[in-house]
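Notes to accompany the following structure.
The values are calculated or read from the model by the stated rules, or taken from the named source; none is laboratory data. As the structure is a computational prediction, the values presented were derived from the model and not from experiment. Neighbour counts run over all protein chains shown; Cβ positions are idealised from the backbone, glycine included.
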Amino acid sequence: MRKQFTCISIDPRGAGETDKPAGNYSIELFADDVAAFMQAIGVERAHISGLSLGAATGLWFAAKYPQRVKSLSLHSGWTKTDPFLKAVVEGWQTIAKGLGNVTEMIIQGIFPWCFTPELYAAKPEYIDQLAAFVRGRPKQPLDAFIRQSNAVIAHDALAQLSRINGPTQITFGRHDMVTSTRFADAMKNGIKRSELLVFEGCSHAPIYESVSEFNQKTLSFLSRQTG
């Protein structure tokens, strides 16, 4: 992708190398942060792409700042947190508090929701490499994770979908349970210029589980928006 586009990856507030201020977080606030970042670096319009929390942020961004969106790519996203997703995220919060370590919670508590049992069995060394990558990232403080995950629990962008008018690719993993295809109809029907793609044999993170297919299908969409 970097051969065809200038790619900028953003850590949302509370994570990675971004500041971790106190106060309540919301996914709408994360979208406002992206808009402010683009303004600061002088990028007027961009192809917006996000996975999971990034996809939820992309929904809010495209709804609030449609003039800044060349295209929108929503991978493993969701429109509104339902009781099942709320229970899953609250479980992650409990694990993080018990371990006192967000990094290890991600590896022990979130990874199994992101990848299929088949990937764990076939490529254990690959899972270890992904774990090492996570351990090499800046450690997220527990309080920042709680604020960030509370934003996930409170997420509701259903009323925003009709405001999105850019070309949109929506993708899911067939075996994802966290943000499964149960959210597909609301997203596809609510976003006017959208197309839906399901990655067979994948869970929540096709970007890591089916790398070549993910790159091919997402680049094909992006290339059609630059022609």
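Remarks
Here's the yes/no breakdown for (1) charged (D, E, K, R); (2) in contact with a helix residue (DSSP H, G or I) (Cβ under 9 Å, 6 or more places away or on another chain); (3) over 27 Å from residue 120 (Cβ atoms):
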{"residue": "164", "(1), (2), (3)": "no, yes, yes"}
{"residue": "174", "(1), (2), (3)": "yes, yes, no"}
{"residue": "187", "(1), (2), (3)": "no, yes, yes"}
{"residue": "191", "(1), (2), (3)": "no, yes, yes"}
{"residue": "207", "(1), (2), (3)": "no, yes, no"}
{"residue": "212", "(1), (2), (3)": "no, no, no"}
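- Sole residue being aliphatic (A, V, I, L, M) and surrounded by fewer than 16 Cβ atoms within 10 Å (Cβ to Cβ), chosen from 96, 122: 122
- Contacts under 8 angstrom Cβ, first residue in region 136-158 being under 22 Å from residue 61 (Cα atoms), partner assigned to a strand (DSSP E or B), 6 or more apart: 155/80; 156/80; 157/80; 158/80
- Residues of region 2-56 satisfying the condition of being in a loop (DSSP other than H, G, I, E, B), among the hydroxyl-bearing types (Ser, Thr, Tyr) and touching a residue at least 40 places away in the same chain (Cβ under 8 Å): 25, 26, 52
- Filter result for residue 198 (farther than 30 Å from residue 97 by Cβ and either at pLDDT 95 or above or not polar (S, T, N, Q) (or both)): yes
- Identity of the residue in region 138-186, more than 22 Å from residue 113 (Cα to Cα) and among the hydroxyl-bearing types (Ser, Thr, Tyr), that ends up surrounded by the most Cβ atoms within 10 Å (Cβ to Cβ): 168
- Residue pairs whose Cβ atoms lie under 8 Å apart, separated by 6 or more positions or on different chains, with the first residue in region 178-193 and on the phi > 0 side of the Ramachandran plot and the second of a type in the set (D, E, K, R), do not occur.
- Among the conditions (1) buried (at least 16 other Cβ atoms within 10 Å of the Cβ); (2) among the hydrophobic types (A, V, I, L, M, F, W, C); (3) without any contact (Cβ under 8 Å) to a residue 24 or more places away in the chain, the only one that residue 85 does not satisfy is (3).
- Taking the criterion of being touching an Asp or Glu at 6+ places or on another chain (Cβ under 6 Å) and over 26 Å from residue 172 (Cβ atoms), the residues of region 1-51 that qualify are 13, 17, 18.
- The number of residues in region 134-186 that are among the hydrophobic types (A, V, I, L, M, F, W, C), closer than 14 Å to residue 79 by Cα and part of a loop (DSSP other than H, G, I, E, B) comes to 3.
- Residue in region 25-49 that is surrounded by the most Cβ atoms within 10 Å (Cβ to Cβ), counting only those that are out of contact with any helix residue (DSSP H, G or I) (no Cβ under 7 Å at 6 or more places or on another chain) and under 19 Å from residue 145 (Cβ atoms): 33
- Tally of residues being in contact (Cβ under 8 Å) with a residue 40 or more places away in the chain, closer than 19 Å to residue 148 by Cα and surrounded by 24 or more Cβ atoms within 10 Å (Cβ to Cβ) across region 57-73: 2
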